[in-house]
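Just so it is clear, none of the values below were taken in a lab; they were calculated from the coordinates. Just so you know, these numbers come straight off a predicted model, no measurement behind them. Virtual Cβ from ideal backbone geometry, glycine too; neighbours counted across all protein chains shown.
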């Protein structure tokens with residue numbers, strides 16, 4: 001089985017790649033600004049993303065906000081279009097989900113909107129291409145370097161105190177093993 005991962009700069013993606021490889025998958029992928037791999041695949045995982053700009057909607061730069069929407073959703077879907085012709089029969093696509101979409105996430109509107117696009121398109125793609133599965137993986141809060149974006153935002157982030165506890169290890173977070181277990185259950 002072959003997996004392709006877009007966003008290997010993400011700690012979650014790198015850790016998933018390690019675990020998939022250990023389970024016998026052949027894993028290829030790309031990080032930001034690298035060409036997409038031209039390989040046949042059974043599983044594609046899209047893990048590229050950014051939380052920036054962080055801040056209240058009207059207080060963030062509109063161009064940075066639009067760029068984040070591109071990174072978190074539009075570029076993901078463009079990359080899927082490029083990889084699509086290389087899929088194997090019954091291939092699965094996994095989009096990395098974001099925050100709990102049932103509850104608001106103050107100061108992360110660009111990130112949240114990008115993830116909402118992926119949440120919305122997955123069921124549509126499942127209807128249009130029923131021989132394939134389009135899924136959204138919700139890893140939960142994992143202690144990774146992406147939280148530095150919140151630390152750097154400081155008081156512009158509504159949840160800065162919580163993220164400080166996450167980064168310091170004071171708050172229990174989801175482990176990479178638990179994320180992999182969620183992935184395996186999702187694609188089973």
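So how long is each side of the range 112-188 along the principal axes, counting just the alpha-carbon atoms, biggest first, in Å?
So the three principal-axis extents are 45, 27, 14 Å.
Among 98, 29, 169, which one moves the most in a GNM of the chain with springs linking Cα atoms closer than 10 Å?
169
Points 7 angstrom from Cα along the Cβ direction at residue 89 and residue 175: gap in nanometres?
3.9
Taking only DSSP H segments of four or more residues, each worth -39500 (n - 2.57), what value at 222 nm results for the chain once the sum is divided by all its residues, to the nearest 500 deg cm²/dmol?
Numbers: 7 runs with 76 residues, N = 188.
So the calculated ellipticity at 222 nm is -12000 deg cm²/dmol.
Measuring from label point to label point, each 7 Å out along Cα→Cβ, what is the residue 117 to residue 100 span in nm?
2.6
Report Rg (one decimal) and Dmax (nearest whole number) for the range 1-104, counting Cα atoms only, units Å.
15.0, 47
Arrange 136, 4 by Cβ neighbour counts within 10 Å, fewest through most, would you? The partial results should precede the final answer.
Numbers: 136 20, 4 27.
Least crowded to most crowded, the residues run 136, 4.
Taking the number of other C-beta atoms within 10 Å as the exposure measure, put 42, 33 in order starting with the fewest.
The order, fewest Cβ neighbours first, is 33, 42.
Put a dot 7 Å past each Cα toward the Cβ at residue 66 and residue 188; how far apart are the dots in nm?
Label at residue 188, label at residue 66, 4.5 nm between them.
Which three lengths, in whole Å and largest first, does the chain cover when its Cα atoms are put on their principal axes?
Extents along the principal axes, in whole Å: 48, 33, 31.
Between residue 160 and residue 56, what's the calculated FRET efficiency when r is the beta-carbon distance and R0 is 22 Å? Round to 0.05.
Calculated transfer efficiency: 0.95.
Work out the FRET efficiency for residue 78 and residue 1 from their Cβ-Cβ distance, taking R0 = 30 Å, and round it to the nearest 0.05.
0.75
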